[in-house]
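Student: I have a structure here, written as structure tokens, and I will follow up with some questions on it.
The values are calculated or read from the model by the stated rules, or taken from the named source; none is laboratory data. Only a predicted model underlies this, so the values are computations on that prediction, with no experimental measurement involved. Ideal geometry is used to build each Cβ from the backbone, glycine not excepted, and the neighbour counts take in all protein chains shown.
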Amino acid sequence: MVKPLLLAVFFFSISSLLAQSNNLVYNGSLEGEGIERPGWVIPKKPVNNHPNWLDSLHDLWNIKQLPYAGASFTCFVTRDNGSYERLAQNLSSELLAGKKYRVSLFLCHSATMISSSPKSANKQVSFANPINLQFYVGTKINKSQLIHEFEYINNTDWAEYSFTYAPPKNQKCFWLASAPSKKVAKKYNGNVLVDMISIVEIP
């Protein structure tokens, strides 16, 4: 009974390592220190708002979750003044027309987050509402199109979200953006936590 279990763990570990080695996203687990993270770009247009980085020792914004993989993850928010956040990357290898790719992210939601709100005179208010996460691709970071939107992420434990994508033409970059849920009519404060981003070609 022990041997089959060990074999299963071994093959799972090997497959995980292979998936990571084939990942076109550089630093998909968002490791690093400070605002600048290796491989990642903060787009300046149309907004210059970037998500916040958290690590396994964080004590910020009353967020209770720890990283899914590695030592870091990031938190995207929307705000009741209509602002949102973006994060982008120029891929190590282009997404090729005629190929298929599996895009995967681990996402969850903090049901306890608090932060300052510009609309509330920068007082600490709740950001504990679920929001959406949008995924864009393009030939340039500021010339990208929306290809998928993860809707109303309200799970508080990490879960894998994925979709397949067949680019109509070669694509060089992608970016992520927070967005309010379409279930809510007005602008509001909310959050989504993101870790372990991967794009892998499907054979």
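Student: Filter the stretch 65-90 for residues that are farther than 13 Å from Trp158 by Cα and of a type in the set (Ser, Thr, Tyr) and give the result.
Tutor: Ser72, Thr78, Ser83, Tyr84
Student: Can you tell me which residue among Ala97, Ala69 is surrounded by 15 or more Cβ atoms within 10 Å (Cβ to Cβ), hydrophobic (A, V, I, L, M, F, W, C) and either touching a Phe, Trp or Tyr at 6+ places or on another chain (Cβ under 6 Å) or in contact (Cβ under 8 Å) with a residue 24 or more places away in the chain (or both)?
Tutor: Only one candidate passes the filter, namely Ala69.
Student: Can you tell me which residues in the stretch 32-48 are surrounded by 16 or more Cβ atoms within 10 Å (Cβ to Cβ) and in contact with an Asp or Glu (Cβ under 9 Å, 6 or more places away or on another chain)?
Tutor: Residues satisfying the conditions are Arg37, Ile42.
Student: Moving on to the next point. Looking only at the stretch 74-92, which residues are out of contact with any Lys or Arg (no Cβ under 7 Å at 6 or more places or on another chain) and either aliphatic (A, V, I, L, M) or more than 14 Å from Pro118 (Cβ to Cβ) (or both)?
Tutor: Hits for the stretch 74-92 are Thr74, Cys75, Phe76, Val77, Arg86, Leu87, Ala88, Gln89, Ser92.
Student: While we're here: Name the strands (runs of 3 or more DSSP E) wholly inside the stretch 88-203 in which the number of residues that are over 16 Å from the mean Cα position of the chain (by Cα) and not polar (S, T, N, Q) is 2 or more.
Tutor: Counting at least 2 such residues, we get 123-126, 132-140.
Student: Quick one: Val2 ticks every box in (1) modelled with pLDDT of 85 or more; (2) more than 15 Å from the chain's Cα centre (by Cα); (3) over 28 Å from Lys172 (Cβ atoms) bar one, so which box is it?
Tutor: Here Val2 meets the rest and fails (1).
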